[in-house]
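A single structure is presented below for examination.
The values are calculated or read from the model by the stated rules, or taken from the named source; none is laboratory data. Please read these numbers as outputs of a predicted model, since none were measured by experiment. Here Cβ is always computed from backbone atoms with ideal geometry, including for glycine, and neighbour counts include all displayed protein chains. Quick note on the areas: whole protein, heavy atoms, side chains included, nothing else; ligands and nucleic acids left out. Shrake-Rupley method; radii C 1.70, N 1.55, O 1.52, S 1.80 Å.
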Amino acid sequence: MPTVELKSQITNLVKLQAIDSEIYALRSEKEAKPQEIKVLEAAFEEKKQNLATLEKKLLDLLKQRKDFELELASKEEATKKLQSQLYSLKTNKEYSTMLQQIQDSKADASVVEDKILQAFEQADKIKTETDTEKSKIKEDEKFFLDEKKKVEDRIKVIDDRLAQLEAQRKQVIPEIDQKIFSQYDRILANRDGLAIVAVMDNSCKGCNMLVPPQVVNLIKMYERLITCEICNRILYVEE
Ligand SMILES: [Zn+2]
């Protein structure tokens, strides 16, 4: 290929690389987006789960309190029953035994009463906690939806830009020799979206390794495409 021709081919490759670098960066950014949404979603789900746990705890406590109240009622009923039997007793011994039973039954009831009071206190505490979390969850949901929308909007911007870049790419490619293009395209796919790199201060801008002066001279002769011995990318010199 004549020198002038190869020089202009390289100019086109550099132009194409600028487009492809942007495409590569945007695609990488876009690929990470679903994971970003997942992370936001998981954080919100965790908060919802916490609230559900609190609500369940409150329900359990209320149910437990109800059970204690039933238990208290039956204990009070038992005490009443004993008391009603008190006057039908014949002997003093029977009478004092019954009095003791009534005493015990009242003591039992008092223990259950304490449990009810405790359940009230605990339920109040958890109710306050639940109410606080409930009002916070609305903010959390708003935050989640806002952040999710930001990510989705960014994806739209990326898609629009990618479409523009693809169109630009289609304009540049026909100006490149097919063999040169397929070499470029192969390296692009294998080398993280970077196929042609400048040599600056005797080093390859793709891998930062030294490019010997004789190789730089070869590049400047524009007789054929020269690639980096280390990273295999096409080399060029800015003039
Ligand atoms: Zn290199």
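If you check every pair at least six apart or on different chains, which have Cβ atoms under 7 Å apart with a residue in region 48-61 that is more than 18 Å from GLU139 (Cβ to Cβ) first and a residue that is open to solvent by 70 Å² or more (accessible area, probe 1.4 Å) and of a type outside the set (D, E, K, R) second?
As it stands, the answer is LEU61/GLN122, since those pairs meet every condition given.
Also, quick follow-up: Looking at (1) open to solvent by 70 Å² or more (accessible area, probe 1.4 Å); (2) under 29 Å from GLU5 (Cβ atoms), can you tell me which one ILE176 breaks?
For ILE176, the exception is condition (1).
In addition: Which of the residues spanning region 224-239 are in contact (Cβ under 8 Å) with a residue 60 or more places away in the chain, open to solvent by less than 50 Å² (accessible area, probe 1.4 Å) and part of a loop (DSSP other than H, G, I, E, B)?
Looking only at region 224-239, we keep the residues that are in contact (Cβ under 8 Å) with a residue 60 or more places away in the chain, and these are 224-225, 234, 236.
Still in the running and open to solvent by less than 50 Å² (accessible area, probe 1.4 Å): 225, 234, 236.
LEU225, the sole residue that qualifies.
Something else about it: Say we look at region 34-47 and pick out the residues that are within 10 Å of the chain's Cα centre (by Cα) and touching a residue at least 24 places away in the same chain (Cβ under 8 Å); which of these is farthest from PHE144 (Cα to Cα)?
This residue is GLU36.
Out of GLY206, GLY193, which single residue is more than 30 Å from the chain's Cα centre (by Cα), among the small types (Gly, Ala, Ser), closer than 30 Å to ARG233 by Cβ and surrounded by 14 or more Cβ atoms within 10 Å (Cβ to Cβ)? Outline the logic, then answer.
On the way: GLY193 fails: more than 30 Å from the chain's Cα centre (by Cα).
Exactly one residue qualifies, and that residue is GLY206.
Additional query: Which one is farthest from the ligand (Cβ to nearest atom), of the residues in region 200-216 that are assigned to a loop (DSSP other than H, G, I, E, B) and polar (S, T, N, Q)? Step through it out loud before you land on a result.
Going through region 200-216, the residues assigned to a loop (DSSP other than H, G, I, E, B) turn out to be 201-202, 205-209, 211-212.
Okay, now just the ones that are also polar (S, T, N, Q), so 202, 208.
Working: ASN202: 12, ASN208: 7 Å.
Taking the candidates together, the pick is ASN202.
Please pick out the residue among ARG65, ARG154 that is closer than 30 Å to GLU29 by Cβ and of a type in the set (Lys, Arg).
On the way: ARG65 fails: closer than 30 Å to GLU29 by Cβ.
ARG154 is the lone residue from the list that is closer than 30 Å to GLU29 by Cβ and of a type in the set (Lys, Arg).
Filter region 217-237 down to residues that are away from the ligand (no atom under 12 Å from the Cβ) and over 17 Å from VAL14 (Cα atoms), then give me how many there are.
Looking only at that region, the number is 4.
Suppose the filter is touching a residue at least 24 places away in the same chain (Cβ under 8 Å) and either open to solvent by less than 80 Å² (accessible area, probe 1.4 Å) or on the phi > 0 side of the Ramachandran plot (or both); does ASP153 pass it? Can you show your working first?
Working: touching a residue at least 24 places away in the same chain (Cβ under 8 Å): no; either open to solvent by less than 80 Å² (accessible area, probe 1.4 Å) or on the phi > 0 side of the Ramachandran plot (or both): yes.
Taking the combined requirement at face value, the residue does not satisfy it.
Quick one: which residue in PHE144, PHE181 is away from the ligand (no atom under 16 Å from the Cβ), closer than 20 Å to SER8 by Cα and either out of contact with any Phe, Trp or Tyr (no Cβ under 7 Å at 6 or more places or on another chain) or open to solvent by less than 90 Å² (accessible area, probe 1.4 Å) (or both)? I'd like the intermediate steps shown before the answer.
On the way: PHE144 fails: closer than 20 Å to SER8 by Cα.
One residue alone meets the criteria, PHE181.
Please specify each residue of region 65-108 satisfying the condition of being more than 30 Å from ILE126 (Cβ to Cβ), open to solvent by 70 Å² or more (accessible area, probe 1.4 Å) and of a type in the set (A, V, I, L, M, F, W, C).
LEU99
Would you check if LEU51 is farther than 30 Å from ILE173 by Cβ and exposed (fewer than 15 other Cβ atoms within 10 Å of the Cβ)? Write out each step before concluding.
Values: farther than 30 Å from ILE173 by Cβ: yes; exposed (fewer than 15 other Cβ atoms within 10 Å of the Cβ): no.
The answer is no for LEU51.
Need pairs with beta-carbon distance below 6 Å; first residue farther than 18 Å from ASP108 by Cβ and within region 80-97, second open to solvent by 70 Å² or more (accessible area, probe 1.4 Å) and of a type outside the set (A, V, I, L, M, F, W, C); sequence gap 6+ or separate chains.
Every condition considered, the pairs that remain are LEU89/TYR95.
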